[in-house]
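Engineer: There's a structure below that I have some questions on.
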Amino acid sequence: MAYSTATRQAFADDIATIKEKGLFKEKRFICSPQAAEIEVEYPEGAPCKRVLNFCANNYLGFSSHPEVARAAHAGLDSRGFGMSSVRFICGTQDIHRELQDSVSTFLGMEDTLLFPSCMDANAGVFEAIMGKGDVIIADRFIHASLIDGIRLCSAEYDTFKHMDMKHLRKKLELHQDKRRRLIVTDGVFSMDGDLCPLDEMCDLADKFDTMVLVDDSHASGFIGKTGRGVHEHFDVMDRVDLITTTFGKALGGASGGCVSGRSELVELCRQKARPYLFSNSLSPVIVSATIKVIDLLSATTELRDKLEANTKRFRDGMTEAGLNIRPGVTPIVPVMLYNAKLANDMARDMYAEGIYVIGFFFPVVPEGQARIRVQLSAAHENAHIDKCVAAFKKVGEKYGILGLDKKGIIEKYGT
Ligand SMILES: *Cc1c(COP(=O)(O)O)cnc(C)c1O
């Protein structure tokens, strides 16, 4: 090793600090396909345990859907495994074009450009379309990948208070002298499950001649009455300029992402976005399977309807059982506990009951906002949901939090 023992010790100290703060991420291994029921090796070396999964982004159950798997096999057979090229050299097949067209139609946009991930889409889009003299005005809770992308761009960066449209208006008034303005938001905020008020945002954008970019990673495929996303939910499908989204959540769960929107903006990404120009093309296997996902979603709303029904069953069951959930309509259901140790302890006990959920605490959520985040899937059956609610009731009873509101839980456990 090229570095000294002292340097090595310094790195080891950094890791120890993470552990001392209780922020260490343990290894967990899944020894089965991703699905409603999975086999988990945890802790490392323990025999695999069969549990119900309530913490995946597998919202529509496509991660191991038989028709999607068949399409992946067909893609492998007809177009091979890898492209060994970035898109613009020799990494674009006819099926990459087909997927882009199919995503454009599904999202109601003029054009779409594929990226290796949504993180890459967000890393590329801002620098491609915004520059000196422009301003990006973002919600303060946007996803880390949007923040990273904005940092790579020379436009001025400003923020507005989380989902606060009065504050956004002030910022838009303040920046009227800029060449271009772009509002940036998540469609669904992943920790709270809240929908951004996109209709009001579009009204403000019109009034102040401003563009709107929505990252719909936690919405594409299931939010809105035909699953197109938050822009469908708020009936503003023709008023959003850019959507970035992932194929790594509801739309198959493998990987890949895109920028979809006004054709000239997408064209600028094709010419300038660095992850598009300098990172490898999506595998034909994923492209072929994702085309199938969009086809299935365009043919019937069955799966997003089932997810909606599952979400309601779970939210109603938890409320009735006396657990303190954050109200909302999305399949992201935070069980609010406020105290990090309580969230961790309860998640561990849920695992013992055969339910796989994870406690979230600072810095992933604001301090004093610790929770267990539950995510529903169309792959869940009623019996799965009922078992999860029953386990929460049993574990909640053990910790004496059933029927307690925020004040009650904090009085008992602190933050
Ligand atoms: C998950 C997520 C991403 C990253 O998507 P990848 O395709 O996995 O890179 C980006 N933005 C938001 C809002 C997300 O939730």
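Engineer: Please work out if VAL374 is in contact with a Pro (Cβ under 9 Å, 6 or more places away or on another chain), in the same structural domain as LEU52 (by TED's automatic domain parsing) and in a loop (DSSP other than H, G, I, E, B).
Structural biologist: Details: in contact with a Pro (Cβ under 9 Å, 6 or more places away or on another chain): yes; in the same structural domain as LEU52 (by TED's automatic domain parsing): yes; in a loop (DSSP other than H, G, I, E, B): no.
Here the answer is no, as VAL374 does not meet what is asked.
Engineer: How many residues are of a type outside the set (Ser, Thr, Tyr), part of a helix (DSSP H, G or I) and within 16 Å of the ligand (Cβ to nearest atom) when one looks only at the range 54-68? Outline the logic, then answer.
Structural biologist: Kept after step one, since they are of a type outside the set (Ser, Thr, Tyr), are these residues of the range 54-68: 54-58, 60-62, 65-68.
With the extra rule that they be part of a helix (DSSP H, G or I), the set shrinks to 62, 66-68.
Still in the list and also within 16 Å of the ligand (Cβ to nearest atom): 62.
Of the residues in that region, 1 qualify.
Engineer: Identify, please: which residue in the range 215-250 is in a helix (DSSP H, G or I) and not aliphatic (A, V, I, L, M) and is, among those, surrounded by the fewest Cβ atoms within 10 Å (Cβ to Cβ)?
Structural biologist: Kept after step one, since they are in a helix (DSSP H, G or I), are these residues of the range 215-250: 230-233.
If we keep only those that are not aliphatic (A, V, I, L, M) as well, we get 231-233.
Values: HIS231: 26, GLU232: 19, HIS233: 21.
Filtering the range 215-250 for residues that are in a helix (DSSP H, G or I) and not aliphatic (A, V, I, L, M), the one surrounded by the fewest Cβ atoms within 10 Å (Cβ to Cβ) comes out as GLU232.
Engineer: Now a separate question. Test of understanding: among SER154, SER190, SER145, which residue is more than 16 Å from the ligand (Cβ to nearest atom) and either under 21 Å from the mean Cα position of the chain (by Cα) or assigned by TED's automatic domain parsing to the domain that holds SER255 (or both)?
Structural biologist: Details: SER190 fails: more than 16 Å from the ligand (Cβ to nearest atom); SER145 fails: more than 16 Å from the ligand (Cβ to nearest atom).
Result: SER154 is the single residue among SER154, SER190, SER145 that is more than 16 Å from the ligand (Cβ to nearest atom) and either under 21 Å from the mean Cα position of the chain (by Cα) or assigned by TED's automatic domain parsing to the domain that holds SER255 (or both).
Engineer: Among the residues of the range 251-284, which ones are among the hydrophobic types (A, V, I, L, M, F, W, C), touching a Phe, Trp or Tyr at 6+ places or on another chain (Cβ under 9 Å) and not in a loop (DSSP other than H, G, I, E, B)?
Structural biologist: Here is the first cut: in the range 251-284, the ones among the hydrophobic types (A, V, I, L, M, F, W, C) are 251, 254, 258-259, 265-266, 268-269, 273, 277-278, 282.
From what is left, the residues that are touching a Phe, Trp or Tyr at 6+ places or on another chain (Cβ under 9 Å) are 251, 254, 258-259, 269, 273, 277, 282.
If the condition is that a residue be among the hydrophobic types (A, V, I, L, M, F, W, C), touching a Phe, Trp or Tyr at 6+ places or on another chain (Cβ under 9 Å) and not in a loop (DSSP other than H, G, I, E, B), then CYS258, VAL259, CYS269, LEU277 are the ones that fit.
Engineer: Could you check the range 268-318 and list, in sequence order, the residues that are within 27 Å of ARG97 (Cα to Cα), touching a residue at least 12 places away in the same chain (Cβ under 8 Å) and of a type in the set (Ser, Thr, Tyr)?
Structural biologist: TYR276, SER279, SER281, SER283, SER288, THR290, SER298, THR301, listed by residue number.
Engineer: All but one of (1) within 14 Å of the ligand (Cβ to nearest atom); (2) not in a strand (DSSP E or B) hold for GLU127; state the number of the condition that does not hold.
Structural biologist: (1)
Engineer: If you don't mind, another one. Sort through ALA378, ALA370, ALA347 and tell me the only one that's buried (at least 20 other Cβ atoms within 10 Å of the Cβ) and over 22 Å from LYS19 (Cα atoms).
Structural biologist: Answer to the selection: ALA378.
Engineer: Within 12 Å of the ligand (Cβ to nearest atom) and at negative phi: which single residue out of ALA250, ALA205 fits that description?
Structural biologist: Details: ALA205 fails: within 12 Å of the ligand (Cβ to nearest atom).
Criteria check complete, one pass: ALA250.
Engineer: Given the conditions (1) closer than 29 Å to SER283 by Cα; (2) more than 16 Å from the ligand (Cβ to nearest atom), report the number of the one that ASN122 does not fulfil.
Structural biologist: Among (1) closer than 29 Å to SER283 by Cα; (2) more than 16 Å from the ligand (Cβ to nearest atom), ASN122 violates only (2).
The values are calculated or read from the model by the stated rules, or taken from the named source; none is laboratory data. In this text the structure is predicted, and so the values were computed from the model without any measurement. A quick note on method: Cβ atoms are made from the backbone with ideal geometry, for glycine too, and the neighbour counts reach across all protein chains shown.
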